[in-house]
Amino acid sequence: MAILDEVYELPSFYWDDGGATPREEMVRIRYTPTSEAVPMKVRAVCLPYVLVKQPCGGKRTLDVRKSRLARLDRGYARSAWKAYKKRPAKPDCP
C-alpha cells in the first residue's frame, strides 16, 4: 500500500474570494506529495484508521479521511519493499 494523495483543510479566510465562501467554512485542498511513494504493509485496520509498517521499521497510523491509499501489485510491492529496506534508515522515520 502507498499514499496517493492527502487532503489539507484550511480556513476560507486565507483566500480573498469576494465573500463567496463563509469565513467559518473550511476549504479542502487535495495535495499529491512530491516525495516518493514509499510502500507500506498494513498491520491493522479500525476505520477510519490504518496502522502501517514502513520499510525502515517504523510504524505509522494513517487516517483514511485525510489520505487516499493505493493497493500495490503484490510483485511490485515485494520488490519495492526490499529496495527500500536496503537503504540506510532516515532520521524522519518514526
Inset, instruction - Determine whether region 7-28 contains at least one residue that is modelled with pLDDT of 90 or more, exposed (fewer than 14 other Cβ atoms within 10 Å of the Cβ) and touching a Ser or Thr at 6+ places or on another chain (Cβ under 8 Å). - result: yes
Legend entry - strands (runs of 3 or more DSSP E) contained in region 1-55 and holding at least 1 residues in contact with a Phe, Trp or Tyr (Cβ under 7 Å, 6 or more places away or on another chain) and under 16 Å from R71 (Cα atoms): 2-11
Legend entry - Any chance V42 is modelled with pLDDT under 90 and either surrounded by 12 or more Cβ atoms within 10 Å (Cβ to Cβ) or under 13 Å from Y8 (Cα atoms) (or both): no
Inset, instruction - Might you let me know whether region 50-73 holds any residue that is more than 30 Å from M26 (Cα to Cα) and free of Cβ contacts under 8 Å to residues at least 12 places away in the same chain? - result: yes
Inset, instruction - Filter region 25-49 down to residues that are without any contact (Cβ under 8 Å) to a residue 12 or more places away in the chain and not hydrophobic (A, V, I, L, M, F, W, C) and give me whichever is farthest from A77 (Cα to Cα). - result: T34
Inset, instruction - Determine whether region 46-64 contains at least one residue that is at pLDDT 90 or above, surrounded by fewer than 10 Cβ atoms within 10 Å (Cβ to Cβ) and not hydroxyl-bearing (S, T, Y). - result: yes
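The values are calculated or read from the model by the stated rules, or taken from the named source; none is laboratory data. Bear in mind the structure is a predicted one, so any value in this text is a computation, not a measurement. Cβ coordinates were reconstructed from backbone atoms using ideal geometry, including for glycine residues, and neighbour counts include every protein chain displayed.
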